[in-house]
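Structure, as structure tokens:
The values are calculated or read from the model by the stated rules, or taken from the named source; none is laboratory data. Nothing here was measured: the structure is a model prediction, and the numbers come from that model. As a convention, Cβ positions derive from the backbone with ideal geometry for all residues, glycine included, and neighbour counts pool all protein chains shown.
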């Protein structure tokens, strides 16, 4: 068991966002060299390098779980943000953990794939086809407990050229290990704006509903979520070192200041309106609070 768990912990440490300013804390079982985790030789070349702001090549051809030829851009036409995952369907361990963590987060989220957003899962294994993709889709949609999510979670397979183009744009490193007969890769999911722009990377194998919601609001470019959601996002920001959204004191203070200014402005407006009514009433010889004058 240790022979399996230790490399997995090392791999999770290896997917620290390279573009981040602060390195993520490595598990205690992983040695450190400076501020970076020591990556075992078998995991080198499979890091995740953040390409925030990059646009996905939406014209890439794939095949969906029904065997229909599609392009990546087919899932962006609705104008909704897209949650992208890169896995493979016959993965013996890590992919299952990532997708299970995503299912847990989606179950607790009061939004549904296909309504407020889309989920696109792409296999990094060019040998896989629609049959295995459909089986994986059916099991995960059933696990969510929302049958309607079937219209919004798409499981794709494709040729090596399309897979490579997508993973290189995202910065998702992976490679085939002939000794273990499996792909070596990191653990993360990716948020994409409706125009195909990468907006956020969420790491690990657990994705709390709050983090999913905030990341989707962020990717939705102001079109997804309520006013309350947008206020909450203003008070939270993503911290690479903890790999989650945390309370942002300066954002909360700025928001508090803005709300105070709005409140004071509203109060001054009300007082000014009352004074104007009083002045007009005095000019007309009518007491300011009398709406009728009794004639004798």
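A few notes on this one:
- Test: residue in the stretch 155-164 that is touching a strand residue (DSSP E or B) at 6+ places or on another chain (Cβ under 8 Å) and under 23 Å from residue 111 (Cβ atoms): yes
- Taken over the stretch 117-158, the criterion of being assigned to a loop (DSSP other than H, G, I, E, B), surrounded by 17 or more Cβ atoms within 10 Å (Cβ to Cβ) and at pLDDT 95 or above is satisfied by 124, 125, 128, 152, 158.
- Of all residues making up the stretch 67-79, the number that are in contact (Cβ under 8 Å) with a residue 12 or more places away in the chain and in contact with a helix residue (DSSP H, G or I) (Cβ under 9 Å, 6 or more places away or on another chain): 2
- When 190, 172 are checked against the criterion of being over 22 Å from residue 79 (Cβ atoms) and at pLDDT 95 or above, 172 stands alone in meeting it.
- Residue 228 being within 25 Å of residue 54 (Cβ to Cβ) and either at pLDDT below 90 or not in a loop (DSSP other than H, G, I, E, B) (or both): no
- Members of the stretch 77-106 found to be more than 26 Å from residue 175 (Cα to Cα) and at pLDDT 95 or above, listed by number: 81, 104, 105, 106
- The lone exception for residue 207 - which of (1) in a loop (DSSP other than H, G, I, E, B); (2) surrounded by fewer than 22 Cβ atoms within 10 Å (Cβ to Cβ) it fails: (2)
- The residues listed here are 86, 166; of these, the one that is part of a helix (DSSP H, G or I), closer than 22 Å to residue 195 by Cβ and touching a residue at least 40 places away in the same chain (Cβ under 8 Å) is 166.
- Per the listing 79, 105, 73, the residue uniquely on the phi > 0 side of the Ramachandran plot and not in a strand (DSSP E or B) is 79.
- Subset of the stretch 169-190 [farther than 17 Å from residue 120 by Cα, touching a helix residue (DSSP H, G or I) at 6+ places or on another chain (Cβ under 7 Å) and in a loop (DSSP other than H, G, I, E, B)]: 186
- Residue within the stretch 77-86 that is buried (at least 20 other Cβ atoms within 10 Å of the Cβ), farther than 14 Å from residue 152 by Cα and touching a strand residue (DSSP E or B) at 6+ places or on another chain (Cβ under 7 Å) present: yes
- Filtered by the rule that a residue be more than 17 Å from residue 99 (Cβ to Cβ) and touching a residue at least 60 places away in the same chain (Cβ under 8 Å), the stretch 199-214 gives 199, 200, 213.
- Residue in the stretch 247-265 that is modelled with pLDDT under 90 and part of a loop (DSSP other than H, G, I, E, B) present: yes
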